[in-house]
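See structure below.
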Amino acid sequence: MAKDMFKKYIWIVNKLYTTGGISYKELAKAWENSIQNDEGSTIPKRTFDDYRNAIENTFDLNISCDASDGYKYKLCDAESLRKDTVKSWLLNSFAVNNCIQESRRLKQRILFERIPSGNESLMRIIQAMQENKTIRLTYQSFHHSQPSTFPAEPYCVKVFKQRWYMVAHNPEKNCIGIYALDRIQRLELTDETFTFPETFDAEAYFRDSYGIMVTPEELDVETIRIKVSDKNNKRKYLRLLPLHHSQEETERHSDYSVFTYRLYPTYDFFQEILSHGGEVEVLSPEWIRKEFKELIEDMLRQYLP
């Protein structure tokens, strides 16, 4: 049920966004003819009003009704919506999915990466965040042989490399953890509520991280410099798709550039740098350069006779 409701919410937001404004009758008719409406349902006016309120509360959007323009419903401040990465991602993902669904003859010509399970948990986690409800989680960590069950207060969710993650506070251990949704074995909403801390800022929480690892207790934020060759247009690739928001091209030469980052030197960042092979070289700090040298030597030993 939650999944179906979420799909309708996104469809309505996308319709308001792409049309620039639409009347209730036009929207209801569009839903009746939409391929997303696989149940052949309708949207009565009272139901639409309920959806409108839920959308405003869930996505922090304002929807106005412009009486001077044929009583059309519009998204307020659509420009800020374009700049919001989460909302923009949701809308773009739905728009692409809707386009593909309506072009089924191209099904065999549009290929996607397989995304691990976890979407059902995502819907319930979002519901829990909306209502500030504690969830009961059964989770299988890679670091333990058996799953564990514990209460969790969901603070935020984040997607990274085709996987969804949840940041949640464990009240039993009084600590914050990061949990991959595809490793959740069971998730139940409880009747217990929690107070979301006003001091928690999801964007700030990950600001100094690459990916999903946040380790302020173990590591300090470092200024990391890497040398990127012009071979295979690698530096052009990084200019177009920065590895991190802190990326700066601090030196530019005829055949290479130096890029600088400010972040935690975590395992997932190391893996990303290694994935670029010999086209990327870590210059400093020296201890991180040494770490990479040891990693590369370990890799080389795998191939020596």
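Derivation of every value follows stated rules applied to the coordinates shown; laboratory data play no part. Since the structure is predicted, the reported quantities are computational estimates derived from the model, not experimental observations. Using ideal geometry, Cβ is built from the backbone for each residue, glycine included, and neighbour counts are taken over all protein chains shown.
Taking the square root of 5 times each eigenvalue of the Cα gyration tensor, what semi-axes in Å does the equivalent ellipsoid of segment 212-305 have, largest first?
Details: eigenvalues 87, 76, 26 Å².
Equivalent ellipsoid of segment 212-305: 21, 19, 11 Å, largest first.
Quick check: Cα centre of segment 263-290 to Cα centre of segment 4-64, how many Å?
Each part's Cα centre sits 46 Å from the other's.
Take the Cα radius of gyration of segment 119-205 and divide it by 2.2 N^0.38 Å, with N its residue count; two decimals is plenty.
So the Cα radius of gyration is 1.01 times the expected 2.2 N^0.38 Å.
How many nm separate the modelled label positions at residue 218 and residue 69, each set 7 Å beyond the Cα in the direction of the Cβ?
For residue 218 paired with residue 69, the spin-label model returns 5.1 nm.
Sticking with the crude label model, points 7 Å out along Cα→Cβ, report the distance from residue 290 to residue 267 in nm, one decimal please.
So the label points at residue 290 and residue 267 sit 2.2 nm apart.
What full-extension length gain, to one decimal in nm, is calculated for residue 303 and residue 120 as 0.36 nm per residue of separation minus the Cα-Cα distance?
61.6 nm
Work the Kirkwood hydrodynamic radius out for the chain: mean of 1/r over every pair of different alpha-carbon atoms, inverted, in Å.
22.8 Å
Points 7 angstrom from Cα along the Cβ direction at residue 281 and residue 236: gap in nanometres?
Taking the simple label geometry, residue 281 and residue 236 are separated by 2.3 nm.
At a Förster distance of 51 Å, what's the computed FRET efficiency of residue 23 paired with residue 149, Cβ-Cβ distance as r, to 0.05?
Given R0 = 51 Å and the Cβ-Cβ separation, E is 0.55.
Pairwise over distinct Cα atoms, reciprocal of the mean inverse distance: report the Kirkwood radius of segment 126-272 in Å, one decimal place.
Averaging 1/r across every pair of different Cα atoms and inverting gives 17.5 Å.
Just going by the charge dipole of segment 202-297, with Lys and Arg at +1 and Asp and Glu at -1 on Cβ, which of 232, 259, 246 is farthest out on the positive end?
232
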